Amino acid sequence: MSSFLIGSFWLLLFVGGGIYLAYSRIDLLRSTVATGSALLAYTLLGDAAFLWLILLWLAFAIMVVPNLVEFRREKITRPALNIYRTMLPSMSDTEREALAAGSVWWDGELFSGMPDWERLLSYPAPKLSDEEQAFFDGPCEELCKMLDDWDIAFERGDMPAEVWAFIKKHRFFAMIIPKQYGGLEFSAYANAMVITKLASRSATASSTVGVPNSLGPAELLLHYGTEKQKQHYLPKLASGDEIPCFALTSPQAGSDAAALIDSGVVCKGKWNGKQIVGIRLNWDKRYITLAPVATVLGLAFKLYDPDHLMGDKDEYGITAALIPTNTDGVSVGRRHYPLSIPFQNGPTTGKDVFVPLDHIIGGPDMAGKGWKMLVELLSVGRAITLPSSAAGGSQAAAYASGAYASLRKQFGLPIEKFDGVGEALARIAGHTYIMNAAISITSGAIVQGEKPAVPSAILKYHCTEMGRKVANDSMDVHGGKGVMMGPGNYLGRGYMATPIAITVEGANILTRSLIIFGQGAMRCHPFVLRELNAANDADENRGLIEFDNALFGHIGYAVSNMARSFFLALTHAKFSDVPLNTPTRRYYQNINRYSAAFALASDFAMLTLGGKLKQKELLSARLGDVLSSMYLASTVLKHFEDQGRRASDLPLVEWSVRTLMYNAQEQLHSFLRNFPNRPIAFFLRCFIFPRGRTYSAPSDELGRKVVDVITRTGEARERLSAQAYTTIEPGNPIGMLQEALLLSEQVAPLESKLRQAKKDGLIHTEYLGHQIDEAEKGSVISKQEAQTLRDYHEKVMALMAVDDFPAGAFDRGHHSAPVAAAKSRKTVTKKKSEKKIANAKKTSKKTASSKKTAR
Ligand SMILES: Cc1cc2nc3c(=O)[nH]c(=O)nc-3n(C[C@H](O)[C@H](O)[C@H](O)COP(=O)(O)OP(=O)(O)OC[C@H]3O[C@@H](n4cnc5c(N)ncnc54)[C@H](O)[C@@H]3O)c2cc1C
């Protein structure tokens, strides 16, 4: 018995000690000393067989070798570096530049397998300045009031002239432009809040305002423009005298934008009557937001210099220039029609357009730097406009759906009481909370100087996907009320708009499959980029030293992640160290667990698949999903802290983190199921899921608590939709739903009197209107109470109503013909199509010019 106990002690000392050293990331030297001491003690005090001791000391000798730095560098690292160089995945310049863009932030902590929560929690909660708050409550609120989205989308096909004028006057286009150039100089957070609010009212308005404040000429000029260019353009862009757009996409180059064939050739030509060296441009672009009304075009093209007029290169690569749209050969004005959301979007072409070299953004020195500029700016912009648009639509949908489901009765009950509807409502509320948190925390990090490239891609993809889910669920909750289009339909246009955000700024499938993990693995991994750079270092000796440091750091990191993943999974992360002792503590611990598991899985995926991982898009996508889930869950926890840990928000927080971490678990499981190297998959499963998949999705009971948050009036419901335009006024159905919801809580005692009277046989009718009459007659309720009930009933019926139209309202002739379609409909007979195109040109020219004058 005692020898069993002694044996167990030594086993525990070695195994437990080993796990402890790896788990806590004790450095190699100290770990070696600790292991050597334990082994010495075992040799002197233990009763091990001689052969066994020899084996243990041999194993220890292997551990000692990496401590002999010079020896390991020559004998281990140098051959490893040579092999590594032969395995390096090929990388285009475009990919290299994408990798260098932006900064590594909380994403890097999640990749470390041991996130430092203090770092995240120490970031200040983002806040609007007094000036930003005044703008949000003033012009922004007023603009929302002015927007009649039915009129814009279905009657006018554009925002009215007074709305354009208001937008320009209050400098909505100039949120990112510094004050010295006449802009508002708002923070990224304020920018996001304004877009969120506008999107809750009109997708047309939010897209129109979003683009100039995102990736466009102003942003490009601010970062890369010459002082002369800034002085010339920024004040005019700020005042709205110049309307910008940015043209990158062309018919043959969509997602693969760098493959564009639009060209600029350096040559001599005439400019203002003088012979100068300039660029002759030819382009054919499509899908360009604001192009139909733009006065200045940010243009991406490939620059060639066959006659070496600029330097000694034949080809410079992708370049960005500013082209006034009134330059000879430029064509704008035609419009696309993006899913019935008529923000200005259209094609533009340029035929032999000649401009001076100083039209290149940043001047001739920036020739060929266009792609780098775009990627760098996207690393911030992607986190703002599209995620905020999705959040704005979702805040409005959550506010409306909660009230609607509480007011709408079927089978004698508010529909929110039915579990199926409740499930959809919980998803609406939870996803909205996640979006709010992600935007607030990420834009807050941008305010603090971060350029979080990977989180931006996470937000772009996940917020727009969650926006799509919220739009679908809200439609289901509303039934026919959501389906029937008309001025009273507050959901249909948002529902239609969801694929727009999915498509732009990197279409979502591509973003998930290639960018999130692809960029994350290189950028955020603590060692991969260091190894890559060291292997490419022209200085052989420096490269070897750096590669050696990175390689052994990497091995230690992998061993530690194995220990952490296994121990945390085995113990359900109960002993994991986190800085808070709050009701959300367990969620921090669970993220710690998945961070280690994710880091382990990522390392093995890169080690065994190497460059092939890029082609295994679904494996990469699933790892990206795990990273995204952890990132979004972290923002939820931080947002909860930032908002003062309100107990009433706890159901939303729990639902959100549970949903996200359950998703992380399932995606890791799918990753392992599909991992091509089966023995490695089995090995990884032992360390990641030693107890199987034990994490559960939110319970029905938790879902019910979330439903209560959005179906009852109160601070949590208000906070969830804090940026949405919810003002109670006749033109705002969402505000009117809130008014009715407030009234419903006041009349609840009267309704219960009616129900009791019905039970007692004092009321015999089923229809509420008649019940009120009967109850009044039978003195169940007073005259005044009856009137209160009638008013309430009338309000609810008005909100449940849908629009109808006179017969013939949808005759073809009622609306203008879809003129742009003529271009692509090749099957139409030539004569017919030519006539149509001629008519179309006439119509659209007329429209464009009249609109230009209106503006
Ligand atoms: C409303 C709207 C506004 C826009 N505004 C602008 C603008 O102002 N300026 C501008 O320059 N551009 C603009 N765009 C263009 C937009 O950025 C591109 O549409 C987008 O990049 C996708 O290109 P595509 O539509 O040609 O799709 P495609 O490239 O044909 O892609 C089709 C599908 O294939 C997927 N896919 C492609 N390659 C891969 C891959 N390797 N792995 C996985 N999936 C892949 C995509 O995700 C997508 O789902 C706008 C587009 C729209 C619809």
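The values are calculated or read from the model by the stated rules, or taken from the named source; none is laboratory data. Quantities reported herein were computed from a predicted structural model and do not represent experimental measurements. Cβ sites come from the backbone with ideal geometry, for glycine too, and all protein chains shown count toward neighbours.
Checking each residue of region 809-816 against the condition of being more than 43 Å from the chain's Cα centre (by Cα), modelled with pLDDT under 95 and part of a loop (DSSP other than H, G, I, E, B) gives no match. For region 1-114, the helices (runs of 4 or more DSSP H) that sit wholly inside it and include 3 or more residues that are under 40 Å from the mean Cα position of the chain (by Cα) are 2-23, 78-87, 93-100, 106-112. Being within 13 Å of the ligand (Cβ to nearest atom) and over 26 Å from Ala300 (Cα atoms): is that true of Ala203 here? Here the answer is yes, as Ala203 does meet what is asked.
Could we say that Leu120 is within 21 Å of the chain's Cα centre (by Cα), among the hydrophobic types (A, V, I, L, M, F, W, C) and assigned to a helix (DSSP H, G or I) here?
Working: within 21 Å of the chain's Cα centre (by Cα): yes; among the hydrophobic types (A, V, I, L, M, F, W, C): yes; assigned to a helix (DSSP H, G or I): yes.
Criteria met by Leu120.
Check region 620-639 and report whether any residue there is assigned to a loop (DSSP other than H, G, I, E, B) and not hydrophobic (A, V, I, L, M, F, W, C). For region 620-639, residues assigned to a loop (DSSP other than H, G, I, E, B) and not hydrophobic (A, V, I, L, M, F, W, C): absent.
Yes/no per residue for (1) more than 11 Å from the ligand (Cβ to nearest atom); (2) under 31 Å from the mean Cα position of the chain (by Cα):
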| position | (1), (2) |
| --- | --- |
| Asn326 | yes, no |
| Arg335 | yes, yes |
| Pro347 | no, yes |
| Lys351 | yes, no |
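Given the structure, is Ala192 within 13 Å of the ligand (Cβ to nearest atom), among the aliphatic types (A, V, I, L, M) and in a helix (DSSP H, G or I)? No, not satisfied. Considered as a group, the residues in region 613-627 that are within 25 Å of Gly553 (Cα to Cα) and more than 13 Å from the ligand (Cβ to nearest atom) include one that is surrounded by the fewest Cβ atoms within 10 Å (Cβ to Cβ), and that residue is Leu613. Of the residues that make up region 438-455, is at least one among the acidic types (Asp, Glu) and more than 16 Å from the ligand (Cβ to nearest atom)? For region 438-455, residues among the acidic types (Asp, Glu) and more than 16 Å from the ligand (Cβ to nearest atom): present. Quick check: is even one residue across region 148-168 more than 30 Å from Phe566 (Cβ to Cβ), within 23 Å of the chain's Cα centre (by Cα) and part of a loop (DSSP other than H, G, I, E, B)? Checked region 148-168: no residue is more than 30 Å from Phe566 (Cβ to Cβ), within 23 Å of the chain's Cα centre (by Cα) and part of a loop (DSSP other than H, G, I, E, B).
Taking Tyr461, is it in a helix (DSSP H, G or I) and under 15 Å from His478 (Cα atoms)?
The answer is no for Tyr461.
Looking at the structure I just gave you, is Arg382 touching a residue at least 60 places away in the same chain (Cβ under 8 Å) and in contact with a Lys or Arg (Cβ under 6 Å, 6 or more places away or on another chain)? It is true that Arg382 is touching a residue at least 60 places away in the same chain (Cβ under 8 Å) and in contact with a Lys or Arg (Cβ under 6 Å, 6 or more places away or on another chain).
One line per residue, one yes/no per condition, for (1) without any contact (Cβ under 8 Å) to a residue 60 or more places away in the chain; (2) under 16 Å from Cys140 (Cβ atoms); (3) basic (Lys, Arg):
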{"site": "Ile167", "(1), (2), (3)": "no, yes, no"}
{"site": "Ile176", "(1), (2), (3)": "yes, yes, no"}
{"site": "Leu184", "(1), (2), (3)": "yes, yes, no"}
{"site": "Ser206", "(1), (2), (3)": "no, yes, no"}
{"site": "Thr226", "(1), (2), (3)": "no, no, no"}
{"site": "Gly254", "(1), (2), (3)": "no, no, no"}
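Whenever a residue of region 748-764 is in a helix (DSSP H, G or I), its partners that are at pLDDT 90 or above and hydroxyl-bearing (Ser, Thr, Tyr), lying with C-beta atoms within less than 7 angstrom and at least six residues away or across chains, give the pairs Leu750/Thr788.
Residue pairs whose Cβ atoms lie under 6 Å apart, sitting 6 or more positions apart in sequence or on different chains, and linking a residue in region 1-28 that is in contact (Cβ under 8 Å) with a residue 24 or more places away in the chain to a partner that is surrounded by 13 or more Cβ atoms within 10 Å (Cβ to Cβ) and not in a helix (DSSP H, G or I), are Trp10/Gly46.
Only one of Gly610, Gly644 is outside any helix (DSSP H, G or I) and more than 16 Å from the ligand (Cβ to nearest atom); which?
Selected residue: Gly644, the only one of Gly610, Gly644 that is outside any helix (DSSP H, G or I) and more than 16 Å from the ligand (Cβ to nearest atom).
Show the residue pairs that are 6+ apart or on different chains and have beta-carbon atoms under 8 Å apart, the first residue being within region 113-136 and over 29 Å from Leu580 (Cβ atoms), the second being at pLDDT 95 or above and surrounded by fewer than 19 Cβ atoms within 10 Å (Cβ to Cβ). Sorted first by the residue in region 113-136, then by its partner, the pairs are Phe135/His170; Phe136/Leu128. Can you name every residue in region 405-423 that is under 17 Å from Gly482 (Cβ atoms), buried (at least 21 other Cβ atoms within 10 Å of the Cβ) and among the small types (Gly, Ala, Ser)? Across region 405-423, the qualifying residues are Ala405, Ser406. For region 206-249, taking the residues that are small (Gly, Ala, Ser) and within 16 Å of the ligand (Cβ to nearest atom), the one that is nearest to Leu184 (Cα to Cα) is identified as Ala218.
Residues that are within 16 Å of the ligand (Cβ to nearest atom), within 27 Å of the chain's Cα centre (by Cα) and crowded, with 24+ Cβ neighbours inside 10 Å do occur in region 265-288.
For every residue, the table says whether it meets (1) within 16 Å of the ligand (Cβ to nearest atom); (2) under 29 Å from the mean Cα position of the chain (by Cα).
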residue	(1), (2)
Gly381	yes, yes
Leu386	yes, yes
Ala391	no, yes
Tyr404	no, yes
Leu413	no, no
Glu423	no, yes
Ala429	no, yes
Thr432	no, yes
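Annotation: Phe527 fulfils all but one of (1) in contact (Cβ under 8 Å) with a residue 40 or more places away in the chain; (2) within 25 Å of Leu627 (Cβ to Cβ); the unmet one is (1). Candidates are the residues of region 336-373 that are among the polar types (S, T, N, Q) and farther than 27 Å from Ala101 by Cβ; the one that is surrounded by the fewest Cβ atoms within 10 Å (Cβ to Cβ) is Ser340.
Of the candidates Arg523, Arg586, Arg530, Arg512, the single residue that is within 16 Å of the ligand (Cβ to nearest atom) and assigned to a helix (DSSP H, G or I) is Arg512.
Residues satisfying the criterion are absent from region 327-345 (criterion: within 18 Å of Lys230 (Cα to Cα), without any contact (Cβ under 8 Å) to a residue 24 or more places away in the chain and not in a loop (DSSP other than H, G, I, E, B)).
If you go through region 484-509, how many residues are farther than 18 Å from Met466 by Cβ and away from the ligand (no atom under 16 Å from the Cβ)?
Counting residues in region 484-509 that are farther than 18 Å from Met466 by Cβ and away from the ligand (no atom under 16 Å from the Cβ) gives 8.
Evaluate the following for His308: is it at positive phi and more than 16 Å from the ligand (Cβ to nearest atom)? So His308 passes the test. Scanning region 237-264 for residues that are of a type in the set (Asp, Glu) and within 20 Å of Lys351 (Cα to Cα) returns a single hit, Asp262.
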